[in-house]
Amino acid sequence: MDKLALQSSNTVISVGPSTPELTLREIWMMLWRRRIIIYSSVAVFLLLAILALMVSTRRYKSVGEIQVQKDSISSLGLQTAGADAPSDALEENMVLQTQAKILASDSLALRVINELHLEQTDDYKEKWSPISWVFGLLSQKGKPDPKGATLENSPHRRMRVLTTFHSKVTVKVVDGTRLIDVEYLSPDPQLAAAVVNHMLQALIESGFQARYDATTQASTWLNEQLGDLRAQTQELQSKVVKLRQDSGVFALGEVDREGKDQVYSPTLDKLQMATQAMSQAKSNRILKGAIYDVVKTGDPEMISGLSGNTILASSSSGIGSSLTLIQNLRLQEANLQGQLDELSAKFGASYPKLSELRGNLNAVKGAIHAEVGRVAERARNDFVVAEQTELNTRKDFEADRSQAEMLNNKTIEYQMVKQEAEQSRSLYDDLLRHLKESGLLAGLRSTNISIVDPGRAADKPAKPVTLLYLIGAIAGGLFFGAAAALLRDVTDAKIQDVREISRGLGEMPLCVLPYQKEYSGLPAKSNPVANSPIVRLPTLDSPRSIFVESLRSLRTSLLLSRSGSPPRLIMVTSPLAGEGKSFISWNLAILFAQQGKRVLLCDADLRRPRLHRDLQINVETGLSTVLTGLSDDYGASAVIPVPEVPGFYLMPAGPIPPYPAELLSSDMMAILLKGWESQYDLVLLDTAPVLPVTDSVVLSSFVDSVLLIARHQKTPLSALERSYQMLESVPSERNRKINVLVNGVREQPAAGHVFYEYLGKESVRT
């Protein structure tokens, strides 16, 4: 960080890094420099806010609150049509938002406006507005409202009234509840409460009317549908009766355990009997076939064994007797064979009784063989008969089954028609019941909206809010003031910060002088040169002021500004007029003289001289007369001593010449400066500004040091840079030094311009 040390006991100016970046500190400095704009903006906004508070109409707010219940049930416990309970939070929110939209609807607003005659109140009367007038000129106009028409049939008047009404109404859903708040603003508190209550009542009545209309419409529709449904039901019931008659099924008038009707069907009974007969015929044919298969073998042993099977033996009574006979004959044969064997063994083959036994045995065998043949014939006949019986029985079964299938199809059709008839009857009964209920509900005032808090008249106005107006005015003033201040500072090309000079010129100013109200002369005492009093200078009137201390630092810096010997010839100039160069020349010359030096202050501004006016004297001779050769003593007679400051002399400018630049660049000027350099310790040349004229530029080649003065917040930075470049471009043989001085810097803590941290404010004021 660069530091510019002013060689005084109290002043140190710190300068930050030379960077063009915009930082928060830079913004704060810009705002601080333009704080008057911000203060003015805040004051204007506060004044406007106060005026608005004074002229604004006092409006009272009335607030009403309603609750939207979950469902709507009539006083008789009947659920109203279309009032299903919301199933989730989303649907509940939709219900609340729907009711809020109805409250804010144009239809409800028109109803309230007409009921309370709001169009005749002052708020609803048409007022002239310049903005509306301009938009009316630019926008297209529709057809005018018919004369004497109602509000509903007057589009322009209706839109104006609705816009006014909606601007005063606020409808909002209370989050997390089933409550809806309705607010209305009006100059009349009683009217505000009446509007809110009418809106709430209109919402309830509109809901009831909607339910009433829906119920009436549903009743009308149900009544129309019942006639068609009744005829359809009767037709289906007739069809059921006819199908039942055609089916041949007879109802017994009783129900079973499952609650079904018990019926009787001859066809089904015949099918059941045919099924049993066919089953028996088939079983008989199988048995007869089994007997026939055994008998065909002709084996008496096997055939006789059939008698032991009761199922086979009992299948035919004739075969059973034959089997019993064969079995008895087999027993006789066995006995005879046993006797024959026993006698043969006992008496031998020649025993006479053996022949008789053999004859009996052969007779028995013959009887067995004959009986087996008869059994075989009978078994075959029985089998053939059984097959024929089974075939006939099957034919009867197939015929009965066909009839049963036809009956089954008719029964299915009967059941379907019966079910359809029952459903039609049930639907008819339900519709008839709903028709009766709707007729009852149409006369009931049922709603799911209840009033929690009705609108009441307020005790004090809700608008305008004084605190809000004032805070808004301060905030608006600060915002617009800051914006205007930043814009003004950005567009202002004048020097605002010392660091701008270092960025533009590449070097720091030699000194920074605080703001000092400029006076134009010496202390208020009698002047031997002039007969009239003159005003004061700070170096004599306030020697301990911060301005004088800063001048002492400038004096020290000037003496140390050149390497080698201190400067003897110093030119004081500025880029433009009015930057305080003459005032600084006066005070700086006095400070040098107070050091015991012989100091000559020369007014080298031959275009608009001022120093002689500061002394309130009129002179006929001066620098111009010397340079034109009208003075023989090289201006010695034109020098005016200042008795109040010993060693201080003044060379006035003299009469204004026609060609000042030529005179100042002449050889006579160089000779005159050399002569003064030998006579005085220090010569200060108060010259004309650099940019308007070239006098100072040509004169700068004769001096040791140039003091280029720029005034804070007045001199454009571009003017300072241009002046510096013009002076620097002039060649010099005296090792000339160009120094920049910033004058009139007001105290800015944000920018680092603090001049009395050591002396204190009280000392500076003294």
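The values are calculated or read from the model by the stated rules, or taken from the named source; none is laboratory data. Since the structure is predicted, the reported quantities are computational estimates derived from the model, not experimental observations. Virtual Cβ from ideal backbone geometry, glycine too; neighbours counted across all protein chains shown.
Structure notes:
- The set of residues from the stretch 156-172 being surrounded by 15 or more Cβ atoms within 10 Å (Cβ to Cβ) and either among the acidic types (Asp, Glu) or over 26 Å from residue 461 (Cβ atoms) (or both) comprises 157, 158.
- For the stretch 702-720, the candidate set comprises residues that are modelled with pLDDT under 90 and not charged (D, E, K, R); within that set, the residue that is surrounded by the most Cβ atoms within 10 Å (Cβ to Cβ) is 720.
- Top-ranked residue in the stretch 630-670 [being more than 26 Å from residue 587 (Cα to Cα) and of a type in the set (D, E, K, R); ranked as surrounded by the fewest Cβ atoms within 10 Å (Cβ to Cβ)]: 667
Yes/no per residue for (1) at pLDDT 75 or above; (2) in a helix (DSSP H, G or I); (3) crowded, with 18+ Cβ neighbours inside 10 Å:
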| site | (1), (2), (3) |
| --- | --- |
| 363 | yes, yes, no |
| 370 | yes, yes, no |
| 373 | yes, yes, no |
| 388 | yes, yes, no |
| 392 | yes, yes, no |
| 404 | no, yes, yes |
| 412 | no, yes, no |
| 460 | yes, no, no |
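- Cross-chain or 6+ apart pairs with Cβ under 6 Å, the stretch 26-37 first and closer than 16 Å to residue 745 by Cβ, then among the small types (Gly, Ala, Ser): 29/750; 29/751; 32/750; 34/485
- Search result, residues across the stretch 600-631 that are touching a residue at least 12 places away in the same chain (Cβ under 8 Å), farther than 20 Å from residue 682 by Cβ and among the aliphatic types (A, V, I, L, M): 606, 617, 619, 627
- Filter result for residue 692 (over 29 Å from residue 745 (Cβ atoms), part of a loop (DSSP other than H, G, I, E, B) and touching a residue at least 12 places away in the same chain (Cβ under 8 Å)): no
- Restricting 523, 514 to those that are touching a Lys or Arg at 6+ places or on another chain (Cβ under 9 Å), surrounded by 14 or more Cβ atoms within 10 Å (Cβ to Cβ) and modelled with pLDDT under 75 reduces the list to 523.
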